[in-house]
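The values are calculated or read from the model by the stated rules, or taken from the named source; none is laboratory data. Computed from a prediction, not measured in an experiment: that's the story for all the values here. Positions of Cβ are generated from backbone atoms using ideal geometry, with glycine treated the same way; all protein chains shown enter the neighbour counts. Side chains are part of the model used for accessible areas, which takes the heavy atoms of the whole protein and leaves out ligands, DNA and RNA. Shrake-Rupley method; radii C 1.70, N 1.55, O 1.52, S 1.80 Å.
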Amino acid sequence: MADVVVGKEKCGEQRLVSLPLSRIRVIMKSSPEVSSINQEALVLTAKATELFVQYLATYSYRHGSGKEKKALTYSDLSDTAEESETFQFLADILPKKILASKYLKALKEKREEEEEEEEDDNNDESDDDEAES
């Protein structure tokens, strides 16, 4: 398996995977549990990653608006992550895009709600203190 290297060779042969193995090795070594990486494990991880990305893109294209536009968009990927149970774990990585103004408005409303809750909690505590007296 180590003889079948990846990507496209200089002589024009087709390689097993097209992702850069050096980058995958760096990502794998970033985990504190990993001390050394076998070449076969590296190639298999690269191939599995390629197949996963291909499946995600194909699924998103077929179930999104990509067919009509003949293009795969970020919103297709984020919709897939949000709606598909299989890709639900990607929802934090591929969030839906929102305008900055909408985000700031939602953030302001959340802060106002938290402030109201704090005021209610403070009022409840002062009422309890008066009742004990």
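Quick notes
- Every residue from region 41-70 that is at pLDDT below 90 and either within 14 Å of the chain's Cα centre (by Cα) or open to solvent by less than 40 Å² (accessible area, probe 1.4 Å) (or both): Gly64, Ser65, Gly66
- Which listed residue, of Ser30, Ser35, is loosely packed, with under 10 Cβ neighbours inside 10 Å, hydroxyl-bearing (Ser, Thr, Tyr) and modelled with pLDDT of 90 or more: Ser30
- Where Asp79 falls short, out of the listed (1) within 16 Å of Ala57 (Cα to Cα); (2) part of a helix (DSSP H, G or I); (3) open to solvent by 50 Å² or more (accessible area, probe 1.4 Å): (3)
- Qualifying residue in region 91-101 (condition: aliphatic (A, V, I, L, M), assigned to a helix (DSSP H, G or I) and modelled with pLDDT of 90 or more): no
- Single residue of region 11-25 satisfying the filter (within 19 Å of the chain's Cα centre (by Cα) and in a helix (DSSP H, G or I)) that is surrounded by the most Cβ atoms within 10 Å (Cβ to Cβ): Ile24
- Pairing each residue of region 86-105 that is open to solvent by less than 90 Å² (accessible area, probe 1.4 Å) with any residue that is among the charged types (D, E, K, R) and not in a loop (DSSP other than H, G, I, E, B), provided the two are 6+ apart or on different chains, yields C-beta distances under 6 Å for Ala91/Glu82.
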